[in-house]
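Only the coordinates and a few stated rules stand behind these numbers; no lab work does. All values derive from a computational prediction rather than experimental measurement. Note: ideal-geometry Cβ built from the backbone for every residue, glycine included; neighbour counts use all protein chains shown.
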Amino acid sequence: MKLDQKVVDSIFRELLEENSKRYRQLLDKPANNDDDTYSRARNALAKLSEKEKEFVFAFIDLAIADSASVIFGTLDGSHFPDGIEDDFIVTYKNEEIQGSLQDIFIEKAEDKGVYK
């Protein structure tokens, strides 16, 4: 496996598999009167049907994917947020890996159905 693929696979797994699962577990707990961010979100979700909750969780995955895509695009040199005008050199194990990170990530997100 190429190193760029390995890096994206690892980050994708953490963001859209492990973190997504963790958010669902934390937000699927019973509503309560606590005032932390998760409790407020849980209380709001408790008012929704199971189908509506799935729409919210799918949107969370979309927001995660879009955020990661912006970062990978910036590192690849295909996206330039305001104030960033030059290219990055991204190395892993002494090998340059930038150039296709965003494409690899978007393909994985599409395969998972994030953009549906």
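Quick rundown of the values:
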| read-out | value |
| --- | --- |
| Tabulated pairs, the range 71-99, first more than 21 Å from residue 15 (Cα to Cα), second acidic (Asp, Glu) and part of a loop (DSSP other than H, G, I, E, B), C-beta under 6 angstrom, 6+ apart or interchain | 77/87 |
| Considering residues of the range 57-87 that are β-branched (Val, Ile, Thr) and exposed (fewer than 14 other Cβ atoms within 10 Å of the Cβ) only, the residue nearest to residue 110 (Cα to Cα) | 70 |
| Search result, residues across the range 102-116 that are more than 10 Å from residue 69 (Cβ to Cβ) and part of a helix (DSSP H, G or I) | 104, 107, 108, 110, 111, 112 |
| Test: residue in the range 91-98 that is in a loop (DSSP other than H, G, I, E, B), within 20 Å of the chain's Cα centre (by Cα) and among the β-branched types (Val, Ile, Thr) | yes |
